[in-house]
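Quick note: the coordinates plus some simple rules give every number you see, no bench work behind them. From a predicted model like this one, the values you see are computed outputs, not experimental measurements. Note that each Cβ is placed from the backbone with ideal geometry, even for glycine, and that neighbours are counted across all protein chains shown.
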Amino acid sequence: MRKGFDTARIRQWFNVLGQSNMILNGYFILGCIGESVEEMLQIVPFSRELNLDFIAISTLRSSPYSGLDELVAENSGYHIAPNGKIYSDHCSVRELKDLRHRIYRQFYTPGQLFRIARKGFAMDSSAFFPKPCRDCQGSPGP
């Protein structure tokens, strides 16, 4: 995607970030030009390698001035759906949606959910919930 970095650099960054107590989220885009289904399925192993807590997945979408319409036109077998989603002859919009759900199911296992909860409790993530007001008999304070 010509973002100016590669997976080796991402591994370096997350090696450092993983030493913190931060909640780590990875954002991925499915269906990039030239990306195979097998490559898309590498999101889960890569996310685990980075020790991500959460992942968010979108499909590639063309918007005005993004330049993606030109890139699609240059690559035979790729198309833009009326809603702007980019798909290919080998992976339809529906197949991309199904693949997205499959990846989420593979990532968000009971073990992953437990890991998120354990990390949240260790960080006292409940601190943002309203505390009971002593004078209000248990109703939330101001």
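May I ask you to compute the full-extension gain from Ala8 to Ser63, defined as 0.36 nm times their residue separation minus their alpha-carbon distance, rounded to one decimal in nm?
Gain on stretching Ala8 to Ser63: 16.9 nm.
Peptide packing for 98-106, 32-40 was compared via the average number of neighbouring C-beta atoms within 10 Å per residue; ordered from the highest value, the list is 98-106, 32-40. Expressed in Å, the radius of gyration and Dmax of the Cα atoms of region 1-65 are 13.0, 39. Within region 44-87, what residues put their amide N at less than 17 Å from the label point 7 Å along the Cα-to-Cβ vector of Leu17? 44-58, by backbone N distance to the label point.
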